[in-house]
Amino acid sequence: MVTTTVDAILDSVLRGDNLSPVDGVVLLKQTDPGAIAAIRITADKLRQQQVGDTVTYIINRNINFTNICEQHCSFCAFRRDEGETGAYWLEEAQILEKVTDAVQRNATEICMQGGLHPQAKVNGKSLNYYLKLVETVKQKFPKLHLHAFSPQEVQFIARVDGLEYSHVITALREAGVDSMPGTAAEVLDNEVRRILCPEKIDTETWLEIVSTAHKLGVHTTSTMLSGHIETAEQQIGHLEKLRSLQQTAINSKYPAKITEFILLPFVGQEAPKSLRRRVGRDQPILADALLLTAVARIFLGNLIPNHQPSWVKLGLEGATEALKWGCNDIGGTLMEEHITTMAGAIGGTCMEVETLLSAIASIKRPQQLRDTLYRYI
């Protein structure tokens, strides 16, 4: 039986009200199948009202240029120390080969991120190295959308070179970076971050860098790494910070804002043993991810209308199911994906366009190719 409280909350959001943090926690803590079904139906209805029935997708390639990293995040199976078995650092020619292959396969976006490599410098400067990466892509393919370098990478460059965040973002933008991945967010709660990624930027710095990007005309995405040690209250706190960030961009009339929200359920199969023991499982719990997907749509949808599941983390079947829980985008082809796969994910590393289209067709929704900023192609 759906509770009166849940009914009242869902009626309120269907009237156009913003979901309050307190009510968001109430929804996330539901275990009654009837209540959960009502939450799913509401999220799906809001998705239909806010963005329609069309499911979008993008042809893109993921390039992780190095896995050598100075940090030791407790959930990361991707990072290596320099000289360690499995460590790599792509050369310019290797990156160009991957980009060329992507363009030949009709990619419109290259997503480029990497480990925080202390030796990645040109003429003693970290920023120069990142500008060279941009130049490698943009000199040959000036019209390709470069979605590159997380807030953590921006902070790393600024710290190493003694620069302001605004200087780094402006230089990257002028060199050809078109948008910024909203990764390294994990959970925007400093208690969680102290355990999960103590060396990473804190919540306030992540928010500052993303807001600065918006102010300077660089669109960003947003993410949440869920299903590890965080509570429902901390999940909602994360969503509240994203919603506030987007509201600031809109109210301040910044030239850019958050384009999408992507839920990234935790994959712990190859994570360090201490975290695996604490979490107690290797793969995401689909039911938990779907409920959080629905609540994220209800909480953010008025301000961040595009929601995407992760087929890498959930598998294509799980990601397709998420399209019934508030998502309107099934993501990209990626072509190669290392970070989650090295963590033990079973979703794969590459998705053919035909496979994505078949998944969308299976739920009888129209499909549409898009670019990074959700413009139809």
The local net charge around Pro21, scoring Lys/Arg +1 and Asp/Glu -1 for residues other than Pro21 whose Cβ lies under 12 Å from its Cβ, equals -1
Kirkwood Rh for region 54-369 from C-alpha pairs, in Å, is 19.7
Looking only at aspartates and glutamates whose Cα falls under 19 Å of Lys241's and that sit 8 or more positions away or on another chain, we get Asp17, Asp23, Glu186, Asp189, Glu191, Asp202, Glu204, Glu208, Glu230, Glu233, Glu260
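Take the cross-link list Lys45/Lys253; Lys98/Lys138; Lys215/Lys313; Lys98/Lys215 and give me the ones stretching past 22 Å between alpha-carbons.
Listed pairs above 22 Å: Lys45/Lys253; Lys215/Lys313; Lys98/Lys215.
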Rounded to the nearest 10 degrees, the helix 151-161 long axis (Cα) sits at an angle to the longest Cα principal axis of the chain of 30
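How much FRET efficiency would the formula 1/(1 + (r/R0)^6) give for Arg159 and Ile41, where r is the Cβ-Cβ distance and R0 is 51 Å, rounded to 0.05? Let's see the in-between values first.
On the way: r = 47 Å, r/R0 = 0.92.
Efficiency for this residue pair is about 0.65.
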Rounded to one decimal in nm, the spacing of the 7 Å Cα→Cβ label points at Thr85 and Cys350 is 2.6
Here the net charge surrounding Lys200, from other residues whose Cβ is less than 13 Å away from its Cβ (Lys, Arg +1; Asp, Glu -1), is -3
Per DSSP, the loop-located GluC sites (Glu not before Pro) within region 83-149 having at most 14 other beta carbons within 10 Å are Glu84, Glu91
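Within the chain, which is the longest segment containing none of the trypsin sites (Lys or Arg not before Pro) that sit in a DSSP loop and have at most 11 other Cβ atoms within 10 Å?
Details: sites that count: Arg15, Lys143, Lys253, Lys364, Arg375.
Longest stretch, sites excluded: 16-142.
Under a Cβ-only charge scheme (Lys and Arg +1, Asp and Glu -1), can you give me the dipole magnitude of the chain about the Cα centre, in debye to the nearest 20? Working shown, then result.
On the way: 38 positive and 44 negative charges, 86 e Å.
I would put it at about 420 debye.
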Distance in nm between Asp32 and Thr248 label points, each 7 Å along Cα→Cβ, equals 3.8
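Quick note: the coordinates plus some simple rules give every number you see, no bench work behind them. Predicted model, so just to flag it, every value in this text is computed and none were measured. Ideal geometry is used to build each Cβ from the backbone, glycine not excepted, and the neighbour counts take in all protein chains shown.
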